[in-house]
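Here's the structure we're looking at; comments come further down.
The values are calculated or read from the model by the stated rules, or taken from the named source; none is laboratory data. All values reported here derive from a predicted model rather than from experimental measurement. Note that we place each Cβ from the backbone using ideal geometry, even for glycine, and neighbour counts take in every protein chain shown. Heavy atoms of the whole protein, side chains included, go into the accessibility calculation; ligands, DNA and RNA do not. Shrake-Rupley method; radii C 1.70, N 1.55, O 1.52, S 1.80 Å.
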Amino acid sequence: TPALEIRGLRKTYNNGFVALKGIDLEVSPGSFFALLGPNGAGKSTTIGIITSLVNKTAGEVRVFGHDLDRDPQGVKRSIGLVPQEFNFNQFEPVGEIVVNQAGYYGIPRREAWDRAGHYLNELGLWDKRENMARTLSGGMKRRLMIARALVHEPRLLILDEPTAGVDIELRRSMWDFLQKINDDGRSIILTTHYLEEAESLCRNIAIIDDGRIIENTTMKQLLAKL
Ligand code: ADP
Ligand code: ADP
């Protein structure tokens, strides 16, 4: 079963704007997949639909065989999302943010702390677990969102522009961490408008422009063409 399968996906927003004009995508399990495109191409809309934040107008979405229409809970459980904007409570302690997220998936508190501790540690945030989120640097906040997205052990991690506004040194260390997560067998999809990021990480790539997929290939083949 593919990690992600999208067929004929369309989105018309309430104001009549057609953001997705019929998208087909297939992402194999274990992939590190880039969805590359300029601002306004439809990347966030696509991610929003997969993660139930945006209603689709037409088309089919399946995540590890779970159909978004018939089994939205199965889709949700299979996905960890790292959104573009910081959307945690800035006045909550770092550890609580990750543990509470586990709570939404019905994971008991003790086990939640074990898992949260593991990812906070891996992401260099264990020492900050009792600090309020607002005291973290921008890069730490981004890592906090990654820990939070992984705490229910999703098979697919989706990151929307993960290193937007992150300086080059931290970007490298985030790339290393994501590579490790992928080596452990987790499928990863990231959106980016930045070819170098996709090139450093991703074996497969789709290019989206103006609501259409205009290229869907391996990174190797794409680079050979450029
Ligand atoms: P939907 O069609 O999914 O119900 P809406 O059209 O109701 O979505 O818009 C959802 C939200 O996005 C609204 O708060 C709206 O103000 C905001 N929004 C509207 N236009 C844009 C835009 N061009 N880019 C980003 N957000 C927008
Ligand atoms: P990307 O993530 O590739 O930058 P988006 O998916 O955010 O692109 O947006 C695709 C297009 O849809 C843009 O033109 C954007 O202005 C428009 N758009 C996004 N959200 C809304 C909304 N809620 N209502 C109307 N238009 C929207």
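Data for the structure
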| quantity | calculated |
| --- | --- |
| Theoretical gain in end-to-end length, Lys21 to Asp183 [0.36 nm per residue, Cα-Cα removed] | 55.0 nm |
| Spatially proximal aspartates and glutamates relative to Lys220 (Cα-Cα < 16 Å; intrachain offsets below 8 disregarded) | Glu196, Glu197, Glu199 |
| Where a label projected 7 Å from the Cα of Thr1 along Cα→Cβ would reach, residues of segment 12-30 with amide N under 17 Å | 26-30 |
| His193 versus Gln221: modelled label distance in nm, points set 7 Å from Cα along the beta carbon direction | 2.7 nm |
| Structure-based [θ]222 nm, the chain - -39500 (n - 2.57) summed over DSSP H runs of at least 4, per residue, nearest 500 | -11000 deg cm²/dmol |
| 16 Å reach of a label modelled at Asn14, 7 Å along Cα-to-Cβ, counting backbone N of segment 35-68 | 53-57 |
| Net charge contributed by nearby residues that have their C-beta within less than 12 Å of Gly165 (K/R +1, D/E -1) | 0 |
| Heavy atoms of Phe64: accessible area, 1.4 Å probe, square angstrom to 10 | 20 Å² |
| Accessible area of segment 124-226 belonging to carbon and sulfur atoms, whole % at 1.4 Å probe | 45 percent |
| Per DSSP, loop trypsin sites (Lys or Arg not before Pro) in segment 1-74 with at most 13 further Cβ within 10 Å | Arg70 |
| Restricting segment 110-184 to GluC sites (Glu not before Pro) in coil, as DSSP defines it, with at most 13 other Cβ within 10 Å | Glu130 |
| Per residue, in Å², the accessible surface of the chain once ligands and nucleic acids are set aside, probe 1.4 Å | 48 Å² |
| Shape of segment 119-161, Cα gyration tensor, a/c cut at 1.5 | oblate |
| Rounded accessible area of Arg155 (nearest 10 Å², 1.4 Å probe) | 140 Å² |
| Low-density loop positions, trypsin sites (Lys or Arg not before Pro), segment 168-202 - DSSP coil, at most 16 other Cβ in 10 Å | none |
| Part-to-part distance (alpha-carbon centres) for segment 39-57 and segment 76-142, which is given in Å | 24 Å |
| Qualifying lysines (Cα of each under 24 Å from Cα of Lys56; at least 8 residues distant if same chain) | Lys11, Lys21, Lys43, Lys76 |
| Residue with peak Gaussian network fluctuation, the chain [Cα springs, cutoff 10 Å], from Asn204, Asn14, Asn121 | Asn14 |
| Rounded if a/c under 1.5, otherwise prolate or oblate - segment 109-205, Cα gyration tensor axes | oblate |
